[in-house]
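The values are calculated or read from the model by the stated rules, or taken from the named source; none is laboratory data. Small disclaimer: the values here were computed from a predicted structure and weren't measured. Positions of Cβ are generated from backbone atoms using ideal geometry, with glycine treated the same way; all protein chains shown enter the neighbour counts. Only protein heavy atoms, including side chains, enter the accessible area calculation; ligands, DNA and RNA are left aside. Shrake-Rupley method; radii C 1.70, N 1.55, O 1.52, S 1.80 Å.
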Amino acid sequence: MQIQLKCSCGEDECPEWAIVELQGEVEIQSSFQTCLKNLHIGVLCRPSSQETYTFTIGYHELTGSKVKMKKPVLVLKKIKRMDVEGTGDGNSSGVELEVVGVIRHKILFKSRPKALISVSRIAGSSQG
């Protein structure tokens with residue numbers, strides 16, 4: 001089976017994507033299990049003067065860095081198309097893959113998260 005790749009953006013014009021790599025797991029509350037599309041996980045920031053990134057998830061902050069990948073990875077979109085090559089029945093369909101972007105870097109968060117709220121502040125505020 002032959003699968004065709006289609007890239008309409010040009011070799012050097014493909015949008016640049018990145019992978020966010022975390023150590024451990026991100027657990028999703030059971031109420032969100034059925035609707036993961038467009039789920040807001042956290043806030044990813046990069047100060048313009050630095051090459052470090054911060055990722056804030058709830059009350060936890062992770063610090064990471066941009067790492068170049070050994071080999072680039074393509075982001076593809078599957079497109080179903082009708083067979084136009086005249087194989088006889090006209091009902092067979094083919095698959096075409098469209099290049100949506102290319103990933104050359106990943107943002108790696110390899111250290112443990114830092115708590116944004118300390119236990120002593122919480123205990124101190126309930127006393128007064």
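The table that follows gives values for the structure above.
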read-out: Selected residue (criterion: least open to solvent (accessible area, probe 1.4 Å)) from residues of region 70-128 that are modelled with pLDDT under 65 and of a type in the set (A, V, I, L, M); value: 123
read-out: Cross-chain or 6+ apart pairs with Cβ under 6 Å, region 23-47 first and in contact (Cβ under 8 Å) with a residue 12 or more places away in the chain, then part of a loop (DSSP other than H, G, I, E, B); value: 23/110
read-out: Selection within region 30-46 - touching a strand residue (DSSP E or B) at 6+ places or on another chain (Cβ under 7 Å) and assigned to a loop (DSSP other than H, G, I, E, B); value: 41, 42, 46
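This table checks each residue for (1) part of a helix (DSSP H, G or I); (2) surrounded by 10 or more Cβ atoms within 10 Å (Cβ to Cβ); (3) modelled with pLDDT under 80.
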site	(1), (2), (3)
11	no, no, yes
28	no, yes, yes
48	no, no, yes
55	no, yes, no
65	no, yes, no
